[in-house]
Amino acid sequence: MATLEGTTAIVTGSSRGIGADVAQQLAAQGAAVVVNYRQKAPRANKVVAGIEAAGGRAVAVGADLTTPEGPAALVDTAVSTFGGLNLLVLNASGGMETGLGEDYALKLNRDAQLAMLDAATEVMPAGSRVVFITSHQAHFIEKVETMDAYEPVARSKRAGEDALRARIPQLEEKGISLIVVSGDMIEGTVTATLLDRATPGAIEARRQEAGRLYSVAEFATEIVRMVTADVPTGHTEYVGGAQDFLAKS
């Protein structure tokens, strides 16, 4: 079903994992997609090749969102290749990597999100949508403790969410909506792998507590669903295992 025909999307951090699945599902519904990667061009090119083989439209763009030129490169490509931009999926996140500096989590999860939003909304028309992807562990960090290894990332992602939400009045003036999708730990993601390495058994413990964890594809489906969902700006969509977080908050 080409329900997104006429939509042009940027999906940040989409060379693998959740972002790649979101890009593929958006394209399958008719959207033209800018696939973003920071370093792994072959992975991004593979995502684009898969989309094109299935009859979709996509282009890969290498852009580090923590640099001044990164967000602009994505927006410029969306406009020059597909004629505009009306969907921004803020999926890129990190902070558990080594060797990128103590402030990298905040630079990526807050500052780069705002920079990407500002660059995109310069060209996005009324009726456009921004979707920010986060985790329950980050969304609820001010009221619910998380694993020590993840806490700096969780706090930086919450700072990013708060900063984006502070822009809602300006976005409303432009007719652009902001939706937040918060998910539990997702099976097979880089974050889950790094967390389990830092705290062996952490993912299994969370799986037992939540009952089950969503797969990458399942979570991506829920994100794509929120692209056209009839919900008010500022809405938070909880995906998987939120009940205990809500009960504690």
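The values are calculated or read from the model by the stated rules, or taken from the named source; none is laboratory data. As the structure is a prediction and not an experimental result, all values here were calculated from the model. All Cβ positions, glycine included, derive from the backbone under ideal geometry; neighbour counts span all protein chains shown. These area figures cover heavy atoms from the full protein model, side chains too; ligands, DNA and RNA do not enter into them. Shrake-Rupley method; radii C 1.70, N 1.55, O 1.52, S 1.80 Å.
The figures follow:
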{"item": "Filtered residues of segment 52-79 (kept if within 16 Å of ALA92 (Cβ to Cβ) and either in contact (Cβ under 8 Å) with a residue 60 or more places away in the chain or in contact with a Ser or Thr (Cβ under 8 Å, 6 or more places away or on another chain) (or both))", "result": "ALA60, VAL61, LEU65, LEU74, VAL75, ALA78"}
{"item": "Criterion violated by ALA220 - all others in (1) surrounded by 21 or more Cβ atoms within 10 Å (Cβ to Cβ); (2) not hydroxyl-bearing (Ser, Thr, Tyr); (3) not in a helix (DSSP H, G or I) satisfied", "result": "(3)"}
{"item": "Condition met for VAL224 (modelled with pLDDT under 95 and within 20 Å of THR12 (Cβ to Cβ))", "result": "no"}
{"item": "Pairs where the first residue, in segment 140-151, is touching a residue at least 12 places away in the same chain (Cβ under 8 Å) and the second is open to solvent by less than 40 Å² (accessible area, probe 1.4 Å) and assigned to a loop (DSSP other than H, G, I, E, B), C-beta under 7 Å, 6+ apart", "result": "none"}
{"item": "Pick from segment 166-187, criterion crowded, with 16+ Cβ neighbours inside 10 Å and over 21 Å from LYS248 (Cβ atoms), ranking: modelled with the lowest pLDDT", "result": "GLU187"}
{"item": "Set GLY127, GLY50, GLY55: member being more than 30 Å from ILE168 (Cβ to Cβ), open to solvent by 30 Å² or more (accessible area, probe 1.4 Å) and outside any helix (DSSP H, G or I)", "result": "GLY55"}
{"item": "Count - residues of segment 142-165 that are surrounded by 23 or more Cβ atoms within 10 Å (Cβ to Cβ) and in a loop (DSSP other than H, G, I, E, B)", "result": "1"}
{"item": "Residue match in segment 196-214 (condition: modelled with pLDDT of 95 or more, outside any helix (DSSP H, G or I), open to solvent by less than 60 Å² (accessible area, probe 1.4 Å) and not hydrophobic (A, V, I, L, M, F, W, C))", "result": "no"}
{"item": "Filter pass, VAL79 being assigned to a helix (DSSP H, G or I), open to solvent by 10 Å² or more (accessible area, probe 1.4 Å) and not small (Gly, Ala, Ser)", "result": "yes"}
{"item": "Number of positions in segment 1-47 that are part of a helix (DSSP H, G or I) and either touching a residue at least 60 places away in the same chain (Cβ under 8 Å) or buried (at least 21 other Cβ atoms within 10 Å of the Cβ) (or both)", "result": "13"}
